[in-house]
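The values are calculated or read from the model by the stated rules, or taken from the named source; none is laboratory data. Owing to the predicted nature of the structure, the values given are computational and were not obtained by experimental measurement. Cβ sites come from the backbone with ideal geometry, for glycine too, and all protein chains shown count toward neighbours. Only protein heavy atoms, including side chains, enter the accessible area calculation; ligands, DNA and RNA are left aside. Shrake-Rupley method; radii C 1.70, N 1.55, O 1.52, S 1.80 Å.
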Amino acid sequence: MLVSVLSLKGSPGATTFAVALAARWPGASRALVVEADPSGGDLALRFSLASAPGLVSLAAAARRGGDADLVWHHTQELPGGLQVTAAPPDAEQARAALSALVQHQTSGLGLLRQAAAQPGVVVIVDCGRVDPGSPGLPIARSSDATVLLSRAHADDLAHLPRRLPTVARWSPNPVLLLVGPGYSEAEVARELGVPPLGRVPHDPRGAAVLCGRPATPRWGPSRSALGRFAQKVAGELAARQRPAAPEPPPLQTPVPALHAVPGVPPAAVSRNGVRPAPSAGGQAS
Ligand SMILES: Nc1ncnc2c1ncn2[C@@H]1O[C@H](COP(=O)(O)OP(=O)(O)OP(=O)(O)O)[C@@H](O)[C@H]1O
Ligand SMILES: [Mg+2]
């Protein structure tokens, strides 16, 4: 299953929640977090990971094609066993790698989908802050489910009425989670017509563990409030899983070039098939 986690504004804890979801996914034989944040990754710094393998090496390898296994050659392991494909911390490099990865429907994004479609596999993609021009958008659009985190105060919620219908078009399974103090779930449901699935608990200790700052010598998705909530959301998303979505259509349908039109001299036909109007002298220019 391919699940994207995204925010629209601020830093509501998308990366932390992506790691929590993968760590607490029910019954997954293999779970992977792909950090696809065009603003640059955090996981490599948080967990002192090497610069490769990761998103950059995956994007380069995917250009040469491959199969569902390819993705697993571009992961590193967090303490506790979770596999991650980390983005480079530098935003320019992260954006370039992400753009290259999603550019080719079959060799890039298609490989991610293939990996996620294997039995018992869940791939959680942290798309970061997504706007309509974001290079992470094609991943969100081809996910089986999308988790949208929004802070619950008025400033952030004000963006939702405009953006929620767009997110709903991207994903068949959009899930809204509130973060932090502010409006209640009932108020948001009433005002937006979309009931949030819940409110991410404020849990600095649980979040610290998921950010590589272990509270105990042994790292692991502890039984924190955040971990328990992530497990609940993961269970809900897994239960909603639908059959594999068809491949999304190519972003741009190429216009077939016309090289010849019966009965018309080749020089009079442009590449788009438009026949220029005859000039005043009766000659096509
Ligand atoms: N549920 C939580 N309770 C308390 N602190 C949290 C929670 N989730 C995340 N944090 C903390 O908030 C900070 C930002 O979290 P995170 O990096 O996950 O946010 P983000 O939305 O991915 O941000 P960015 O947009 O910069 O990528 C981290 O220090 C993390 O430990
Ligand atoms: Mg993040």
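For this structure, a couple of remarks:
- Verdict on P181 being open to solvent by less than 40 Å² (accessible area, probe 1.4 Å), at pLDDT 80 or above and assigned to a loop (DSSP other than H, G, I, E, B): no
- The condition of being over 19 Å from G110 (Cα atoms), aliphatic (A, V, I, L, M) and either without any contact (Cβ under 8 Å) to a residue 12 or more places away in the chain or within 16 Å of ligand 2 (Cβ to nearest atom) (or both) holds for only one of A44, A50, that being A44.
- Number of positions in the stretch 113-129 that are in contact with a helix residue (DSSP H, G or I) (Cβ under 6 Å, 6 or more places away or on another chain) and either aliphatic (A, V, I, L, M) or free of Cβ contacts under 8 Å to residues at least 24 places away in the same chain (or both): 4
- Residue within the stretch 139-148 that is under 25 Å from G40 (Cβ atoms), in contact with a Gly (Cβ under 9 Å, 6 or more places away or on another chain) and within 15 Å of ligand 1 (Cβ to nearest atom) present: no
- Enumerated helices (runs of 4 or more DSSP H) restricted to the stretch 1-86, each holding at least 1 residues that are away from ligand 1 (no atom under 16 Å from the Cβ) and either open to solvent by 30 Å² or more (accessible area, probe 1.4 Å) or among the β-branched types (V, I, T) (or both): 55-62
- Test: residue in the stretch 101-122 that is touching a strand residue (DSSP E or B) at 6+ places or on another chain (Cβ under 8 Å), under 18 Å from S29 (Cβ atoms) and assigned to a strand (DSSP E or B): yes
- When residues in the stretch 224-258 are screened for being acidic (D, E) and either at pLDDT below 80 or buried (at least 17 other Cβ atoms within 10 Å of the Cβ) (or both), 1 of them pass.
- One residue stands out among those in the stretch 188-214 that are assigned to a helix (DSSP H, G or I) and among the hydrophobic types (A, V, I, L, M, F, W, C): the one that is nearest to the chain's Cα centre (by Cα), which is L210.
- Just one of the listed residues (D156, D126) is in a helix (DSSP H, G or I) and crowded, with 19+ Cβ neighbours inside 10 Å, namely D156.
- Criterion violated by M1 - all others in (1) more than 10 Å from ligand 2 (Cβ to nearest atom); (2) more than 19 Å from N173 (Cα to Cα); (3) among the hydrophobic types (A, V, I, L, M, F, W, C); (4) in contact (Cβ under 8 Å) with a residue 40 or more places away in the chain satisfied: (2)
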